[in-house]
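> My questions all concern the structure below.
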Amino acid sequence: MCGIVSVYMLAVPAVRTQERASAKPLDLIEWNGGKFLYGVDYYPEAWEEGQWEKDATLMQEAGINFVRLAEFAWVKMEPQQGRFNFDWLDRALQVLNAHGIKAILGTPTASPPAWLYEKYPDIAAMDPNGIRYRYGSRRNYCLHNPDFVAATRRIVTAIAEHYRDHPGVIGWQIDNELGDPKCFDPLSRVAFQKWCQRKYQTLDALNKAWGTVFWGHTYQAWSEIPLPWNTLENAHNPSLALDFDRFQSDSTHAYLDTQAAILRTMAPHQAVTHNEMGLYAGVDYYNLNRSVDFVAWDNYPMFEKDYAQYNGPGLAHDLMRGSKNNQNYMVMEQQGGLPGWSTFSGRQASPGLYRVWAYQSVAHGADGVCYFRWRTSRYGTEQYWQGVLDQDSFPNSRYKAVAQTGKELGQLTELLHGSKVVSPVALLVSPDSRWAFEIQPLVEGFHYDRQLHDFYDAFRRAGVSVDVAFPESDFSAYRMLVAPALFVTDQTLVDKLSAYVKNGGTLILSFRSGVKDEHNVVTNRTLPGAFAELAGVAIHDFDPQINEEQEVVGPGESHFPTCVWSDILEPTTAKIVATYGKGYYAGKAAVTENGVGKGWVYYVGSESTSPFFYDRLIARAAQKSSLPLNATLPQGVELAVRQKAGVKILFVLNYTDRAQTVALDQVYHNALTGRQEPLEVKIPAFDVKVLTTPSPGGPPAVR
Ligand code: GAL
């Protein structure tokens, strides 16, 4: 059946309901009728209809109460321009809903139909060499193409009109993993020129901000401004390149907004989200997430650093949570099997590890976990990307782990409801600095994200929760704020950090901080530029040193190998905490400590390959901040905490293949068995314990 059929059509509310995104945070468990959101990404369109009932039964038995559907099904829904068919999706929903399974629908714009490209070839993105990508993959579209935006509006309006009052649809995922590719076509160039005009108002202001005097790149008309496309020697003005990254992020945001506005107008009672990508740097998620009701992201622990050794995606979880001011979030794609496209990309993980990873998501603040995907595809590029089930639909060991987790999360829902991660420490992530380091990577071997991990991992080893803050976040509640390599800053951020310290906060800065202004132009002040006074140091010499030739001596007498960079610090008001051990600057300051107002500022001039260096450093800074650190946890064990009024919920996660023992600060109850656990808690291999404080004066929170 074709044509616009609105079975569920009711009157569109007269008032545009945009407020949910900024109003009271959405309580995900309440939104899902009191249930923890436990789901799978399901593609009914790829399977015989006769299979659906069996699937829904198996899902229900595993505790699944929602599915994400249809995010790549544009051509099924709009087989020809303006002719829509939702029959198949209606029938799939009917089967699922009958098993108590609701749906988050994807708007299918990540995979436009082949007919759309035939009709409008220019909707395809253009690469930096001026060649359009050919049809055949997905996400190949240009955000600045009006035909694509019109087609987007049409499909989103039709699908929202059809499902806005469907009792089995609770919300929307916009597109799929927005971000790349960047489009370098003429329309994008005009859009960038207009963006620049809005930002700078006059060409004089732009030329000055970008320093276009260099190489005589001064622009005399807006239309002369290029994109950072392929040039000889691949050279571009870093100021232009940074603004282009901001423009690209803003364009992505505007595209999401276009869809969100339609959905909110037509379906104000349904919630809107987007599946994001953790540490992906292409989008400023803090800004983007102003437009969603809650954050969702795609979590594939096997792609993260040391996933079998340590807490893998912990930092990505915390960044995602921080990108909407620590509101609880959900994982829209939780790894449900081995990843792989044309090759399998690793060794199989123990089924228990899939369960531990799901708990890790919960431990970091997820109120929803949805596995990618229900079943491995028989077709297409992702034949080797395992779902929970394999193509034969056999309820295998991964299914059993998922079912066990589903049952347990059902039991834990009441306890979890309303609890949050509360952290005494925040890690400041600067999207501008990340982009600037991508534009000019500084020195071979330097990685901004590794700097983040250096500090983050040290706090996590000490069992301390860490929030990720963005320049716009409120820092005032944190005892400590770590701002590694704060390369690009503006005066607002400098003032905010300075007030934070003066009011008693402890700030840790590291090398290459204060080097550039907001236009990606190098300061003419003595480094660390705007932070020189706060840090109480001057830097007149530095060494980009690589290959672990240098070492840092201290804190204490220990020698720690370094891997990159040495800022040779000259204290003005600061005290020396560590010095360099080798070469012509041996004995010069490498780490300093400066008392400012009621607070402290640490400046770390180099990067060490030794985790002990960071353990020592944060121990010293934590002591100054009266922040107690827990004993170091065994390697491969993570401790994460959620809390609510007087109740602590501890997740002790063992990622290793052997039993581990963790000494805790007090006696806790096992939230699943209700039994008291010993002070020294034993966690079997690839397992997790959820522990809680007894409710005040009563029995354990959960039996
Ligand atoms: C995700 C994407 C999914 C699927 C998965 C496995 O990034 O959102 O659609 O492609 O990766 O490749």
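The values are calculated or read from the model by the stated rules, or taken from the named source; none is laboratory data. Owing to the predicted nature of the structure, the values given are computational and were not obtained by experimental measurement. Cβ coordinates were reconstructed from backbone atoms using ideal geometry, including for glycine residues, and neighbour counts include every protein chain displayed. The area values use the complete protein model at the heavy-atom level, side chains included, leaving out ligands, DNA and RNA. Shrake-Rupley method; radii C 1.70, N 1.55, O 1.52, S 1.80 Å.
> For a quick check of your reading of the model, give me the residue pairs whose first member lies in the range 488-502 and is surrounded by fewer than 14 Cβ atoms within 10 Å (Cβ to Cβ), whose second is at pLDDT 95 or above and assigned to a helix (DSSP H, G or I), with beta-carbon atoms closer than 8 Å and at least 6 apart or on different chains.
Close Cβ pairs satisfying both conditions: Q491/A530.
> Continuing with the same structure: Return the total of residues in the range 91-123 being out of contact with any Ser or Thr (no Cβ under 7 Å at 6 or more places or on another chain) and either within 16 Å of the ligand (Cβ to nearest atom) or open to solvent by less than 30 Å² (accessible area, probe 1.4 Å) (or both). Reasoning before the result, please.
First, pick out the residues of the range 91-123 that are out of contact with any Ser or Thr (no Cβ under 7 Å at 6 or more places or on another chain): 91-98, 100-108, 110-123.
Still in the running and either within 16 Å of the ligand (Cβ to nearest atom) or open to solvent by less than 30 Å² (accessible area, probe 1.4 Å) (or both): 92-93, 96, 101, 103-108, 110-113, 116-117, 123.
The qualifying residues number 17.
> Are any residues in the range 343-394 closer than 30 Å to E30 by Cα, in contact with a helix residue (DSSP H, G or I) (Cβ under 8 Å, 6 or more places away or on another chain) and either assigned to a loop (DSSP other than H, G, I, E, B) or among the β-branched types (V, I, T) (or both), and if so, which ones?
Of everything in the range 343-394, those that are closer than 30 Å to E30 by Cα, in contact with a helix residue (DSSP H, G or I) (Cβ under 8 Å, 6 or more places away or on another chain) and either assigned to a loop (DSSP other than H, G, I, E, B) or among the β-branched types (V, I, T) (or both) turn out to be V362, H364, G365, V369, W374, V388.
> So in the range 662-687, with the set limited to residues that are within 13 Å of L633 (Cα to Cα) and exposed (fewer than 13 other Cβ atoms within 10 Å of the Cβ), which one is modelled with the lowest pLDDT?
D665
> Okay, next question. So which residues in the range 367-382 are surrounded by fewer than 24 Cβ atoms within 10 Å (Cβ to Cβ) and either in contact with a Gly (Cβ under 7 Å, 6 or more places away or on another chain) or free of Cβ contacts under 8 Å to residues at least 12 places away in the same chain (or both), if there are any at all?
R373, T376, G380, listed by residue number.
> Another one. If R355 passes every condition in (1) under 23 Å from D457 (Cα atoms); (2) away from the ligand (no atom under 11 Å from the Cβ); (3) at pLDDT below 95 but one, which one does it miss?
It fails just one condition, (3).
> Taking A586, is it small (G, A, S) and over 31 Å from the mean Cα position of the chain (by Cα)?
The answer is yes for A586.
> Which of the helices (runs of 4 or more DSSP H) contained wholly in the range 24-96 include at least 2 residues that are aromatic (F, W, Y) and on the phi > 0 side of the Ramachandran plot?
none
> Does L279 satisfy being more than 16 Å from the chain's Cα centre (by Cα) and within 16 Å of the ligand (Cβ to nearest atom)? Give the derivation first.
Working: more than 16 Å from the chain's Cα centre (by Cα): no; within 16 Å of the ligand (Cβ to nearest atom): yes.
No: the conditions fail for L279.
> I need the full set of residues from the range 171-183 which are more than 16 Å from the ligand (Cβ to nearest atom) and either within 18 Å of T273 (Cα to Cα) or open to solvent by 20 Å² or more (accessible area, probe 1.4 Å) (or both), in order please.
Within the range 171-183, G171, K182 meet the criteria.
> If you don't mind, there's one more thing I want to ask. If we keep just the residues of the range 251-276 that are away from the ligand (no atom under 16 Å from the Cβ) and of a type in the set (S, T, Y), which is farthest from H166 (Cα to Cα)?
S251
> Considering only helices (runs of 4 or more DSSP H) fully contained in the range 128-210, which possess at least 1 residues that are at pLDDT 95 or above and in contact with an Asp or Glu (Cβ under 7 Å, 6 or more places away or on another chain)?
On the way: elements: 146-163, 186-200, 203-210.
Helices (runs of 4 or more DSSP H) meeting the threshold: 146-163, 186-200.
> For the range 548-571, give me each residue that is open to solvent by 40 Å² or more (accessible area, probe 1.4 Å) and either touching a Gly at 6+ places or on another chain (Cβ under 8 Å) or in contact (Cβ under 8 Å) with a residue 24 or more places away in the chain (or both).
Passing the criteria: E548, E549, G556, H559, P561, E570, P571.
> Do any residues in the range 178-198 that are more than 17 Å from D284 (Cβ to Cβ) and free of Cβ contacts under 8 Å to residues at least 40 places away in the same chain have Cβ atoms under 6 Å from those of residues that are open to solvent by 10 Å² or more (accessible area, probe 1.4 Å) and part of a helix (DSSP H, G or I), where the two are at least six apart or on different chains, and which pairs are they?
Q193/W222; Q197/W222
> Restricting to the range 222-261, and then to whatever is of a type in the set (D, E, K, R) and modelled with pLDDT of 95 or more, can you tell me which residue is least open to solvent (accessible area, probe 1.4 Å)?
If we take residues in the range 222-261 being of a type in the set (D, E, K, R) and modelled with pLDDT of 95 or more, then D243 is least open to solvent (accessible area, probe 1.4 Å).
> Just to be sure before I move on: is D318 buried (at least 21 other Cβ atoms within 10 Å of the Cβ), under 9 Å from the mean Cα position of the chain (by Cα), modelled with pLDDT of 95 or more and part of a helix (DSSP H, G or I) in the structure I sent?
yes
> Continuing with the same structure: Can you give me the ranges of the strands (runs of 3 or more DSSP E) entirely in the range 590-703 with at least 2 residues that are within 27 Å of the chain's Cα centre (by Cα) and of a type in the set (K, R)? Show your work before the answer.
Details: elements: 599-604, 606-608, 637-644, 647-654, 660-663, 680-683, 687-692.
By residue number, 637-644.
> Which residue, of A469, A458, A426, is among the small types (G, A, S), over 19 Å from the mean Cα position of the chain (by Cα) and crowded, with 23+ Cβ neighbours inside 10 Å?
The unique qualifying residue is A458.
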